[in-house]
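A.B. asks: My questions all concern the structure below.
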Amino acid sequence: MITSDQKGRLAEEKARQFLEAKGYKTAFHRYKTPYGEIDFLVTKEETLIAVEVKYRNGPVSNAAASITFHQKQRIQNALLHFLQNHPSIAAEYPFLRFDVVLLCSSKAIVHIPNAWQIESEFL
């Protein structure tokens with residue numbers, strides 16, 4: 001029997017392979033901060049991208065619906081923490097973005113670039 005943690009790790013590996021096949025470069029995986037974890041930090045051109053990976057049984061809409069406003073705030077705060085602690089990376093990648101990779105039991109992978117905008121209180 002596969003555990004939910006193992007399912008999550010497999011989903012993250014599929015998401016990583018999917019993004020790298022599209023030309024993204026993985027900078028960090030499971031970056032942990034006091035505010036929460038960022039599943040992936042990837043780069044493409046001059047953009048640093050925080051990626052949230054979600055796997056759910058059933059349709060892909062179940063995975064999309066599982067990303068809450070509170071979770072988005074935690075990821076934004078985690079990204080701010082990352083940037084404060086890695087100023088050279090912040091300087092190298094002046095553009096920021098939040099992407100979501102959704103996986104479901106039907107094996108579909110959906111990549112949503114720029115899935116949400118930075119909340120004004122983040123800045």
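Values quoted throughout were computed directly from the atomic coordinates according to the rules given, and no laboratory measurement underlies them. A quick note: this is a predicted structure, and the numbers were derived from the prediction, not measured. All Cβ positions, even for glycine, are placed from backbone atoms using ideal geometry, and neighbour counts span all protein chains on display.
A.B. asks: Given R₀ = 25 Å, what would the calculated FRET efficiency be for SER88 paired with THR47, taking r from the Cβ atoms and rounding to 0.05?
C.D. replies: Result of the calculation: an efficiency of 0.95.
A.B. asks: Under a straight-distance cross-link criterion of Cα-Cα below 17 Å, which lysines are reachable from LYS107, leaving out those fewer than 8 residues away in the same chain?
C.D. replies: LYS7, LYS14, LYS54
A.B. asks: Multiply the residue gap between ARG30 and ILE2 by 0.36 nm, knock off their C-alpha separation, and tell me the result in nm, one decimal place.
C.D. replies: So the chain would gain 8.0 nm between ARG30 and ILE2.
A.B. asks: Quick one: if you stick a label point 7 Å off each Cα along the C-beta vector at GLU20 and ALA64, how many nm between them?
C.D. replies: The answer from the label model is 2.8 nm.
A.B. asks: Could you give the size of the charge dipole of region 6-123 about its Cα centre, using +1 on the Cβ of each K and R and -1 on the Cβ of each D and E, expressed in debye and rounded to the nearest 20?
C.D. replies: Dipole of region 6-123, to the nearest 20 debye: 500 debye.
A.B. asks: If you restrict to DSSP beta bridges whose two residues both lie in the chain, what percentage is antiparallel, to the nearest 5?
C.D. replies: Bridges in the chain that DSSP calls antiparallel: roughly 60 percent.
A.B. asks: Let me ask something additional. Of HIS81, VAL60, GLY36, which is farthest along the charge dipole of the chain in the positive direction, counting Lys and Arg as +1 and Asp and Glu as -1 at C-beta?
C.D. replies: The one lying farthest along the dipole's positive direction is VAL60.
A.B. asks: Where in region 40-62 is the amide nitrogen less than 20 Å from a point lying 7 Å along the Cα-to-Cβ axis of PHE95?
C.D. replies: 40-52
A.B. asks: While we're here: Working from Cα positions, state the angle (0 to 90°, nearest 10) between the long axis of helix 4-21 and the longest principal axis of the chain.
C.D. replies: 60
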